[in-house]
Amino acid sequence: MSGAPLLEVRNLRTHFPIKRGLLQRVVGHVKAVDGISFAVPPRKTLGLVGESGCGKTTVGRTILRLIPATSGEVLFQGDDFFAHTGEDLRKLRRQMQIIFQDPMSSLNPRMTVGNIIGEPIVVHGIAKGREKDDLVASLLGRVGLDPSYSARYPHEFSGGQRQRIGIARALALSPSFIVCDEPVSALDVSIQSQILNLLQDLQEERGIAFLFIAHNLAVVEHFCDEVAVMYLGRIVEKATSKELYGNPKHPYTKALLSAVPDVDPRPKRERIVLQGEVPSPSNPPSGCAFHPRCALSREAARQAGVAETTEIKVGNERLRVLAKCVTQSPPLEQKEGEPGHVAACWVSR
Amino acid sequence: MPEPLLQVRDLNVAFETSRGDVRPVRDVNLAIYPGQTLAVVGESGCGKSVTAMSILQLLPKPPAKYLSGQIFFQGRDLLQLGESEMRSIRGKDIAMIFQEPMTSLNPVYTIGDQIIEAVTLHQGKSGRAASTIAEAALADVGIADPARRLGEYPHQMSGGMRQRVMIAMALSCQPKLLIADEPTTALDVTIQAQILELLRKLQKERNMAIMLITHDLGVVAENADSVAVMYASRVVETATVEELFDHPVHPYTEGLFKSIPKLGADRHRLDTIPGTVPNPQRFPGGCKFHPRCHRMQGDQTCSSVEPNLREVKQKHWASCHRIDGYQTAAVTVPSISHKRQVTAGAATEVSA
């Protein structure tokens, strides 16, 4: 992908303090996002995948300043977004919107649909009165809802319809960038495809760039131009969608891809069953955070000299892995394959 | 042909509401054989969970009413049993695991208390004997250090671990049938793979029958022997897993397959099923799928006559007027005894 990015994230960190005791002393930090960088070009979609607790949602919210960042930069159209305040910030915010996962809890149950969609239009001084109503009606029409619905309340709608209302609200200010945080995972299968197609049409029509956060790998592959895989607050691999799925490099990506059940009763893929669970982000493993679960490191240790390996304890087992994986954090670097295919792994080439 | 372990015959369930009765289950026929997995697939509100709850008689009456039908389990009709007889079957012969392991475990009791309660109730064991069984049950589901874990509370465990505890509890009394209602929906894919692998292993060891309720066609493909697809309170298509995935004939099943993005497939615009699942209070007339169906034609058949399940092929039932040969197909009660040939998800166990 070439050209100036619409949004650039540089070394972003979001740490949450852990407070204990009567005095609420800070005893540690949950490193929800721990130094990640990526760029989203205009009119393109970057997918962010990972398991629960990997920090993908926090990334989306930190970028929009819904959660304060601990450090790092977000450049929007080359401009430092974190440096703005007041009216300035409000203007920039028109450009950046979000669609939430749960369409029930993200729509105010006491507001009519017309007010939910109309409020940002009024707040940002884009239109009011009749003009605003017309705008709301056209937005509703665009997302496939009857414009007469603007007098109704969210509870009167099904999950899919509510997600359409959420999308109409995000579109109200004609943004150029939208964070889609699990936009279809709360929806029924037959409705998911309707919403995905709608988002795709809107992207083509209005030239919107998406940061698409999801845990469903098949949906991400289908929807995104480029995909970044997160594990414990970091990006472990990033490539174009086709390259990542066809030629995964990081052992975590491989395991994640192989864990997706095949929609075929005669499976062709080999399954890697990862043992154990994602460690806690408040106390991530040293070096490469994936090393306690990594088969690749163990295999490499079998072929390497004893000096290059070290023994670790996982559960009740003692395992031998590459020493480097335990002591040093691997950089995100170019791997064999398409230019731009990066992964953070000491072993994989 | 072996006898089915569980057979649901023409089950009709209604819920009384202030706006009249709704019918969450209509004319449902299902058969589950020992050692086999029947997957019941459908979207929210299609009646799959209500069917499962009916088997265990877990629906409060009222509002639930059993209008008609039988549920045969080992020759006895569960709908005719009294509450005390039902209680001796629940948990012992038929066990159930739920989607959300946090809300289905009691937060103020330890894991041990909860498993031991089931063991004491159904097997009459207590004290040391009961905790030995509970420990073994935890070990069976792959929980390390089971003796220590027995003293822990649900909040001390992760989602995957809690689901293992649920499974351990459900299986502690060696049930013949396990009803798993969306057992992995709340879990991450890598944990889902672990749990499904575990269920397959335990099923094989114990020749247990599983009724797997899910909306995920990938989970169905890898775990089921036979499949029943439900739409608007009815089974609309049922067949062996291979047959259903190779040759779906009902337009709803067909639409579902086309509308899901598949890993590794070429990028293209997804096919969609237009419209939404109908509200049970306002079901359309005739075939309940007709307003969304692309096979609808000019005549009135689809909108006025609701099609019944017919055996359109061997071991393959469907209900649609527009299937070739439907008009002449026999109306028989679906019952599929089938074990899939390929062992799904032939896994290479990696990692500690």
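Residue by residue, here is whether (1) within 30 Å of B:R206 (Cα to Cα); (2) touching a Gly at 6+ places or on another chain (Cβ under 8 Å); (3) open to solvent by less than 60 Å² (accessible area, probe 1.4 Å) holds:
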position: B:R9; (1), (2), (3): yes, yes, no
position: B:N12; (1), (2), (3): no, yes, yes
position: B:E16; (1), (2), (3): no, no, no
position: B:D21; (1), (2), (3): no, no, no
position: B:R26; (1), (2), (3): no, yes, yes
position: B:L30; (1), (2), (3): yes, no, yes
position: B:Q36; (1), (2), (3): yes, no, yes
position: B:V40; (1), (2), (3): yes, no, yes
position: B:G47; (1), (2), (3): yes, no, yes
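Working only within the stretch B:105-157, note down all residues that are surrounded by fewer than 14 Cβ atoms within 10 Å (Cβ to Cβ), charged (D, E, K, R) and more than 14 Å from chain A (Cβ to nearest Cβ).
Across the stretch B:105-157, the qualifying residue is only B:R128.
Of these, A:I99, A:I67, which one is surrounded by 20 or more Cβ atoms within 10 Å (Cβ to Cβ) and within 17 Å of the chain's Cα centre (by Cα)?
Exactly one residue qualifies, and that residue is A:I99.
Would you say A:S150 is among the hydroxyl-bearing types (S, T, Y), within 19 Å of A:G47 (Cα to Cα) and crowded, with 20+ Cβ neighbours inside 10 Å?
It is false that A:S150 is among the hydroxyl-bearing types (S, T, Y), within 19 Å of A:G47 (Cα to Cα) and crowded, with 20+ Cβ neighbours inside 10 Å.
Evaluate the stretch A:225-236: report whether one residue or more is modelled with pLDDT of 90 or more, at positive phi and not in a helix (DSSP H, G or I).
So far as the stretch A:225-236 goes, yes, one or more of its residues are modelled with pLDDT of 90 or more, at positive phi and not in a helix (DSSP H, G or I).
So which residues in the stretch A:231-247 are within 30 Å of A:F16 (Cβ to Cβ) and out of contact with any strand residue (DSSP E or B) (no Cβ under 6 Å at 6 or more places or on another chain), if there are any at all?
Across the stretch A:231-247, the qualifying residues are A:Y231, A:L232, A:A239.
Report the residue count in the stretch A:265-277 for those that are assigned to a loop (DSSP other than H, G, I, E, B) and at the interface with another protein chain (Cβ under 7 Å from one of its Cβ atoms).
Counting residues in the stretch A:265-277 that are assigned to a loop (DSSP other than H, G, I, E, B) and at the interface with another protein chain (Cβ under 7 Å from one of its Cβ atoms) gives 7.
All but one of (1) more than 7 Å from chain A (Cβ to nearest Cβ); (2) out of contact with any Lys or Arg (no Cβ under 8 Å at 6 or more places or on another chain); (3) buried (at least 23 other Cβ atoms within 10 Å of the Cβ) hold for B:A265, so report the exception by its number.
(3)
Take the residues of the stretch B:308-321 that are open to solvent by 60 Å² or more (accessible area, probe 1.4 Å) and in a loop (DSSP other than H, G, I, E, B): which is nearest to the other protein chains (Cβ to nearest Cβ)?
The qualifying residue nearest to the other protein chains (Cβ to nearest Cβ) is B:K315.
Residue-by-condition table, conditions (1) buried (at least 18 other Cβ atoms within 10 Å of the Cβ); (2) without any contact (Cβ under 8 Å) to a residue 40 or more places away in the chain; (3) in contact with a Lys or Arg (Cβ under 7 Å, 6 or more places away or on another chain); (4) not in a strand (DSSP E or B):
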| position | (1), (2), (3), (4) |
| --- | --- |
| A:V263 | yes, yes, yes, yes |
| A:P279 | no, no, no, yes |
| A:V326 | yes, no, no, yes |
| A:S329 | no, no, no, yes |
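Could you pull out the residue among A:A304, A:A300, A:A255 that is of a type in the set (G, A, S), touching a residue at least 12 places away in the same chain (Cβ under 8 Å) and surrounded by fewer than 19 Cβ atoms within 10 Å (Cβ to Cβ)?
After ruling out the rest, the residue left standing is A:A304.
From (1) crowded, with 19+ Cβ neighbours inside 10 Å; (2) farther than 13 Å from A:L171 by Cβ; (3) free of Cβ contacts under 8 Å to residues at least 60 places away in the same chain, pick out the condition that doesn't hold for A:F76.
(3) is the only condition that A:F76 fails.
Just checking, which of B:E117, B:E135 is touching a Pro at 6+ places or on another chain (Cβ under 7 Å) and among the acidic types (D, E)?
Only one candidate passes the filter, namely B:E135.
Scan A:E156, A:E119 and give me the residue that is within 14 Å of another protein chain (Cβ to nearest Cβ), acidic (D, E) and open to solvent by 30 Å² or more (accessible area, probe 1.4 Å).
Just one listed residue meets the conditions, A:E156.
Determine whether A:P292 is under 30 Å from B:Q156 (Cβ atoms), part of a helix (DSSP H, G or I) and either touching a residue at least 12 places away in the same chain (Cβ under 8 Å) or more than 7 Å from chain B (Cβ to nearest Cβ) (or both).
Answer is yes for this residue.
Please find, among B:V236, B:V305, the residue that is surrounded by 23 or more Cβ atoms within 10 Å (Cβ to Cβ) and more than 11 Å from chain A (Cβ to nearest Cβ).
Sole residue among the options that is surrounded by 23 or more Cβ atoms within 10 Å (Cβ to Cβ) and more than 11 Å from chain A (Cβ to nearest Cβ): B:V236.
I need a count of the residues in the stretch A:1-41 that are assigned to a loop (DSSP other than H, G, I, E, B) and buried (at least 16 other Cβ atoms within 10 Å of the Cβ).
Final tally of qualifying residues: 3.
Assuming A:V342 fulfils every condition listed in (1) closer than 23 Å to A:H29 by Cβ; (2) under 25 Å from the mean Cα position of the chain (by Cα) apart from one, which condition is it?
Only one criterion in (1) closer than 23 Å to A:H29 by Cβ; (2) under 25 Å from the mean Cα position of the chain (by Cα) is unmet by A:V342, namely (1).
Filter the stretch A:219-230 down to residues that are open to solvent by 10 Å² or more (accessible area, probe 1.4 Å) and at the interface with chain B (Cβ under 8 Å from one of its Cβ atoms) and give me whichever is nearest to A:P248 (Cα to Cα).
Only one residue fits best here, namely A:E221.
Just to be sure before I move on: is A:S348 of a type in the set (S, T, N, Q), under 24 Å from A:A259 (Cα atoms) and buried (at least 18 other Cβ atoms within 10 Å of the Cβ) in the structure I sent?
Answer is yes for this residue.
Among the residues of the stretch A:192-202, are any within 14 Å of chain B (Cβ to nearest Cβ), in a loop (DSSP other than H, G, I, E, B) and within 30 Å of B:M230 (Cβ to Cβ)?
no
Would a scan of the stretch B:252-260 turn up a residue that is among the small types (G, A, S) and surrounded by fewer than 24 Cβ atoms within 10 Å (Cβ to Cβ)? If you could, list the steps in order and put the result at the bottom.
In the first step, residues of the stretch B:252-260 are kept if they are among the small types (G, A, S); the result is B:255, B:259.
Now narrow it down to the ones that are surrounded by fewer than 24 Cβ atoms within 10 Å (Cβ to Cβ): B:255, B:259.
Within the stretch B:252-260, one or more residues are among the small types (G, A, S) and surrounded by fewer than 24 Cβ atoms within 10 Å (Cβ to Cβ).
The values are calculated or read from the model by the stated rules, or taken from the named source; none is laboratory data. Please read these numbers as outputs of a predicted model, since none were measured by experiment. Cβ sites come from the backbone with ideal geometry, for glycine too, and all protein chains shown count toward neighbours. Ligands, DNA and RNA are stripped out before the accessible areas are found, and what is left, the full protein with its side chains, is counted by its heavy atoms. Shrake-Rupley method; radii C 1.70, N 1.55, O 1.52, S 1.80 Å.
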